[in-house]
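Here the structure is laid out as C-alpha cells; the discussion comes afterwards.
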C-alpha cells in the first residue's frame with residue numbers, strides 16, 4: 001500500500017489537470033458509469049461537527065473506494081482544516097487496499113476544479129470580474145481554478161476575517177496580476193461581478209439575489225447540510241439552477257431544501273447536473289443576462305477519480321511511502 005501525504009497530493013494533482021479530470025468524471029457519471037450512493041453522515045452530539053463516509057465505484061477508470069472524513073466547522077481560522085480524513089483506494093482486480101491518501105488536499109483541489117468545470121460551462125465567455133466570498137482554503141483554491149477557465153482581470157474579496165481577505169487579495173495581485181480589492185460588505189464585493197464563488201461556513205445566507213447584476217454566474221460551495229445555506233431563496237428562484245448530483249441536491253443542502261420547503265421552487269427547478277451539460281443532455285446559459293447558479297455538494301466519484309490519478313502518478317514517480325499492511329492469506333499452521 002502507498003501512503004500519500006497532503007504534500008504528495010498537492011504536488012501530484014495540479015489544478016489544471018484536475019479540472020479536466022473532473023469534467024471527464026462528471027460526464028462519466030451522467031452516462032451511468034458509476035455507482036454513487038448518498039454519503040452517510042453521523043452528527044456528533046451537542047456540536048456542529050460530523051463524521052462522514054463517502055463510497056463509490058467508477059467503471060472508467062475502474063476504481064473502488066471511499067473517502068472518510070470529519071467536518072469540524074470550528075476549525076476555521078485555526079491551524080487545522082475543517083475537513084480532515086483519508087481517501088481509501090482499493091485494487092479493482094483483487095480487492096486489496098492500494099493507497100491511503102490525504103483527504104484534505106484532494107477535497108480542496110477537486111472542489112475548486114468542479115466549480116471551474118461549472119464556470120466554464122455556464123459563465124459568460126467574457127466574464128472578467130470575480131468575487132470570492134470567504135477567504136479560507138476554498139477561497140484560495142477557487143481563485144486559482146476560476147482564473148484557469150476565464151480571463152479574470154479584477155478580484156473582489158469579502159470575508160468576515162479582514163486579515164484573511166487581505167491575504168487572498170494579495171495572492172490575486174501578486175500571483176495572478178489582478179486588480180484586487182477587499183470589500184467591506186458582501187453586496188459591495190458582488191455588485192459588478194460576473195462570477196461569484198461563496199466559500200464560507202455560513203449557516204444563514206451571506207449572498208442575496210437582489211445584490212447581483214444580470215448575467216452573473218454563482219458557484220455556491222460552502223453549505224452541504226440541511227441547516228446551512230449561503231444564498232437566499234430569492235437568488236435560487238431567480239437563477240437557472242444546476243447541481244453536481246440531483247439526488248444529493250434534493251436531500252442535503254439548505255440552499256435548495258429551504259426554498260423547496262417554502263414552496264418557492266419545485267424539484268424541477270434544477271435544470272440538470274453539470275455532467276448532463278457536458279454530454280449535451282441539458283442546456284446551459286440561454287443569454288448574457290441570465291443568472292446561473294451551480295450548487296456544489298462534493299461527490300465521492302470526484303474524490304476517487306482524483307485519488308486514482310494521484311496514485312498512478314505516485315506509482316510512475318515513486319512518490320509516497322510504501323507500507324506493508326497485510327491482506328495476504330496466512331499460511332496454515
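The values are calculated or read from the model by the stated rules, or taken from the named source; none is laboratory data. A quick note: this is a predicted structure, and the numbers were derived from the prediction, not measured. So basically every Cβ, Gly included, is an ideal-geometry build from the backbone, and we count neighbours across all protein chains shown.
Which fully enclosed strands (runs of 3 or more DSSP E) of segment 1-76 have 3 or more residues being in contact (Cβ under 8 Å) with a residue 60 or more places away in the chain?
Numbers: elements: 2-4, 40-43, 50-59, 62-71.
Correct list: 2-4, 50-59, 62-71.
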From the list 228, 243, pick out the single residue that is farther than 16 Å from residue 264 by Cα and at pLDDT below 95.
228
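Consider segment 158-193. How many of its residues are part of a helix (DSSP H, G or I) and closer than 21 Å to residue 235 by Cα? Give the steps one after another, and end with the answer.
Residues of segment 158-193 part of a helix (DSSP H, G or I): 162-174, 186-190.
Those still in the list that are closer than 21 Å to residue 235 by Cα too: 186-190.
Result for segment 158-193: 5.
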Verdict on residue 87 being assigned by TED's automatic domain parsing to the domain that holds residue 12 and surrounded by 20 or more Cβ atoms within 10 Å (Cβ to Cβ)
yes
Any idea how many residues of segment 214-225 are touching a helix residue (DSSP H, G or I) at 6+ places or on another chain (Cβ under 8 Å) and either in contact (Cβ under 8 Å) with a residue 40 or more places away in the chain or surrounded by fewer than 20 Cβ atoms within 10 Å (Cβ to Cβ) (or both)?
8
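So that you can scan it fast, the table gives a plain yes or no per residue for (1) surrounded by 14 or more Cβ atoms within 10 Å (Cβ to Cβ); (2) more than 18 Å from residue 222 (Cα to Cα); (3) touching a helix residue (DSSP H, G or I) at 6+ places or on another chain (Cβ under 7 Å):
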site	(1), (2), (3)
143	yes, no, yes
148	yes, yes, yes
158	yes, no, yes
172	yes, yes, yes
192	no, yes, no
Selection from segment 112-129 of residues that are crowded, with 24+ Cβ neighbours inside 10 Å and either outside any helix (DSSP H, G or I) or out of contact with any helix residue (DSSP H, G or I) (no Cβ under 9 Å at 6 or more places or on another chain) (or both)
123
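For residues that are over 23 Å from residue 312 (Cα atoms) and in a strand (DSSP E or B), tally how many sit in segment 77-102. Steps first, answer last, please.
Looking only at segment 77-102, we keep the residues that are over 23 Å from residue 312 (Cα atoms), and these are 77-83.
Next, from what is left, pick out any that are in a strand (DSSP E or B): 83.
Final tally of qualifying residues: 1.
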